[in-house]
Amino acid sequence: MSDNLKARECFGSKFGIIAATAGSAVGLGNIWKFPYVAGENGGGAFLIIYLFFVMAVGVPVMMSEFAIGRRGQRNAYGSFSVVAPGKRWNLIGLMGIVAAFFILAFYSAVAGWTLEYMVSSATNGFAGQSSHDLENTFSAFIANPIRPVVWQMVFMILTALIILAGVSKGIEKYTKLLMPLLLLFIIVLCVRSVTLEGGKSGLAFLFKPDFSKVTAKTFLYAVGQAFFSLSLGMGALITYSSYFGKHENLASTAVSVALSDTLIAILAGVMIFPAVFAFGIEPSSGPSLVFITLPGIFQKMFGGGFFGSIFFILLAVAALTSTISLLEVVVAFFSEELKMTRRKATFIATIAASILGVFASLSLGIMKGVTLFGKNIFDILDYSASNVMLPLGGLLIVLFVGWFGGKKMLKAELSNEGELKTKYYPYFNFAVKFIAPVAIAAVFIYCMFWESLG
Ligand code: TRP
């Protein structure tokens, strides 16, 4: 008998729920994007704006996903079919499945790089390289047709093994182990960084409020960053919440996850910028910050090989707990909707995502020439998922919950069928009906039109 007919698996503890969900949220987005965006957009001023959007948009959207998933007790597609029977809202879930494949493909490529860099740091492979050499090392590495792909496959297999072990014996067990480890490593690196001479100006870059740098764009960045960082808009949290127990308080879980994610993002800044400024280097963002600037700094730092290895292990762990959540979206869909066993669903989903992932990897090297609208495959996958599918999915989710989903279902879920008080409901309702749709629509329109115009 196929395993989808057995009782649905469930996370076993409150800590397990937080570890898994925060694990999905905390990822590469927190570590290489948030600190830089914050520093460039007014430091403390950005933090205030970001926190506002996390609470006013992120948390309500997260609560909406939780309500849909726990009520539906199914994957992202199936949950919509349960809560809105006979309607086409489940297409949101279908788009989420596609988004999961797209994000997995480019995200696992980058995750693979962290493994290469972990090994290089541990074996002192960057010794004696100038910043120019490090730049060449990195561009030669990602353009290589073999090494990055091999590491990417290693990463996909790790992800698949955890998914294969199941919800409580796989996802929950490993995130409960990995998330505390991540916190420990980040604290070790923060202490190392802030105790470097001259690191203070890094803290000023990150925290000193500079309202003169705040423009309309700042608000858009804040919403977009909150969305990606909190794993919203494609049903990852619908899938996870379908494994929450029925006594779990959805509102407080959403707040805890959102605050943990934000805390880790801020700590990432505390870990990175004092070191960058202590060595008198211009901060950059994205891959070049993590794979060029930071290796250069570790090399100059006392104990750099050790701290560098810890840093890349940290990145790999952060990425792994995120890829788990992405693969689970697809596996839950395959096993429940296409009636496969979990084993078969994992196998097929992993192979399919890996094939797409190989193309994403190769598009930085030998397949550079394959482009659409001037973007290579890697960028197309990133752009269409992060800038189109996630905001569109998020917008449709809040429209569904705020205007079409039925107050009854929501109130029943948020209050656990009347067990809990929901004094915050009027605020939630206002946020879901008005603030979130307007904010998401603004980002969406901005990304779709203004930016593509140049
Ligand atoms: N939130 C993760 C990060 O910050 C990435 C991620 C994992 C994600 N699952 C997701 C983003 C689902 C959007 C949707 O790196």
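Summary table below
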item	result
Lysines with Cα under 25 Å of residue 208, excluding same-chain neighbours fewer than 8 positions away	33, 200, 217
Area accessible to solvent at residue 9, 1.4 Å probe radius, in Å²	70
Accessible carbon and sulfur surface of the range 196-342 relative to its total accessible area, %, 1.4 Å	68
Of the trypsin sites (Lys or Arg not before Pro) in the range 63-96, those whose Cβ has at most 10 other Cβ within 10 Å and which sit in DSSP loop	88
Mean Cβ count within 10 Å, highest first, over the residues of peptides 247-260, 388-401, 32-45	388-401, 32-45, 247-260
Radius 15 Å from Cβ of residue 199, net charge of other residues (Lys, Arg +1; Asp, Glu -1)	+3
Mean Kyte hydropathy of 1.0 or more with a Cα span along the axis of at least 15 Å, helices from DSSP in the chain	14-25, 90-122, 147-164, 173-194, 250-278, 304-337, 342-362
Relative packing of peptides 187-200, 142-155 - highest average C-beta neighbours within 10 Å first	142-155, 187-200
For peptides 203-211, 61-69, sequence by mean Cβ density within 10 Å, most packed first	61-69, 203-211
For the range 1-152, convex hull of alpha carbons as volume per residue, Å³	212
Probe 1.4 Å, all protein chains present, accessible-area order of 413, 282, largest first	282, 413
Partners for residue 368 among lysines (Cα-Cα distance below 18 Å; same-chain residues under 8 apart left out)	none
Cross-link table 14/176; 14/344; 87/344; 169/421; 87/407; 246/421, entries beyond 21 Å C-alpha to C-alpha	14/344; 87/344; 169/421
Viscosity 1.306 mPa s, temperature 10 °C, Stokes-Einstein D of the range 103-200 from Kirkwood C-alpha radius, µm²/s	99
Volume per residue of the C-alpha convex hull in the range 2-453, rounded to whole Å³	136
Cα gyration tensor category, rounded, prolate or oblate, for the range 328-368 with a/c compared to 1.5	prolate
Set of aspartates and glutamates with alpha-carbon distance to residue 433 below 17 Å, sequence-local pairs under 8 removed	65
Å² of accessible area per residue within the chain, as computed with a 1.4 Å probe and no ligands counted	40
Column: log10 I(q)/I(0), Debye, Cα scatterers of the range 237-351, q = 0.14, 0.19 Å⁻¹	-0.80, -1.02
Relative contact order computed over the chain (Cα-Cα under 8 Å; 6+ residues apart), in percent	34
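The values are calculated or read from the model by the stated rules, or taken from the named source; none is laboratory data. Not measured: the values here are computed from a predicted model. All Cβ positions, glycine included, derive from the backbone under ideal geometry; neighbour counts span all protein chains shown. Please note that ligands, DNA and RNA were not included when accessible areas were found on the heavy atoms of the full protein model with its side chains. Shrake-Rupley method; radii C 1.70, N 1.55, O 1.52, S 1.80 Å.
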